[in-house]
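Since the structure comes first, as C-alpha cells, the remarks are kept for the end.
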Amino acid sequence: MASEYLKVRVIPSDTNPGVKKISEDTYEVRVRAPACKGQANKEMLSRLSAVICGKNGAMGKRILLVSGMHKPCKVVRIVKD
C-alpha cells in the first residue's frame, strides 16, 4: 500500500464550511462542528475525504489522522489501497 501525507489546518465553528487547497501538500478545512470531543476532526476527515477520495470513496483511498488531534494544524495520511 502506498501512502502520502498532507498538512491540514482546521478552522472549527465556521459559518462557511469548505475545503481549500493551499499548496501541493497543504489544505485548509473549515468545519461547522466545534472543537470539542473530536467533532471538528470527524467533520474535517469527512470533508477532506469527499474532496480527495471522491464522494463514495471510489478512488481506493482512505484518510487517517496521524497527528494534531487537539491542535488546529494536523497531519493526515492518505492510504492508497
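Derivation of every value follows stated rules applied to the coordinates shown; laboratory data play no part. The structure displayed is predicted, hence computed values, not measured ones. Please note: Cβ atoms are built from the backbone with ideal geometry, for glycine as well, and neighbour counts cover all protein chains shown.
Taking only pairs six or more apart or across chains, which ones have beta-carbon atoms under 9 Å, a first residue in the stretch 1-17 that is under 18 Å from Arg47 (Cβ atoms), and a second residue that is among the small types (Gly, Ala, Ser) and in a strand (DSSP E or B)?
Taking only residues 6 or more apart or on different chains, the pairs are Lys7/Ser23.
Only one of (1) of a type outside the set (A, V, I, L, M); (2) within 15 Å of Lys80 (Cα to Cα); (3) loosely packed, with under 15 Cβ neighbours inside 10 Å fails for Asn16. Which number is that?
The failed condition is (2).
Applying the selection to the stretch 32-81, what residues are of a type in the set (D, E, K, R), surrounded by 12 or more Cβ atoms within 10 Å (Cβ to Cβ) and out of contact with any Phe, Trp or Tyr (no Cβ under 8 Å at 6 or more places or on another chain)? It would help to see each step written out before you state the result.
Here is the first cut: in the stretch 32-81, the ones of a type in the set (D, E, K, R) are 32, 37, 42-43, 47, 55, 61-62, 71, 74, 77, 80-81.
Right, trim to surrounded by 12 or more Cβ atoms within 10 Å (Cβ to Cβ) and you get 32, 42-43, 47, 61-62, 74, 77, 80.
Passing the criteria: Arg32, Lys42, Glu43, Arg47, Lys61, Arg62, Lys74, Lys80.
Can you tell which of Ser49, Ser67 is without any contact (Cβ under 8 Å) to a residue 12 or more places away in the chain and either out of contact with any helix residue (DSSP H, G or I) (no Cβ under 6 Å at 6 or more places or on another chain) or not basic (Lys, Arg) (or both)? Break it down stepwise before answering.
Details: Ser49 fails: without any contact (Cβ under 8 Å) to a residue 12 or more places away in the chain.
Of Ser49, Ser67, the one residue that is without any contact (Cβ under 8 Å) to a residue 12 or more places away in the chain and either out of contact with any helix residue (DSSP H, G or I) (no Cβ under 6 Å at 6 or more places or on another chain) or not basic (Lys, Arg) (or both) is Ser67.
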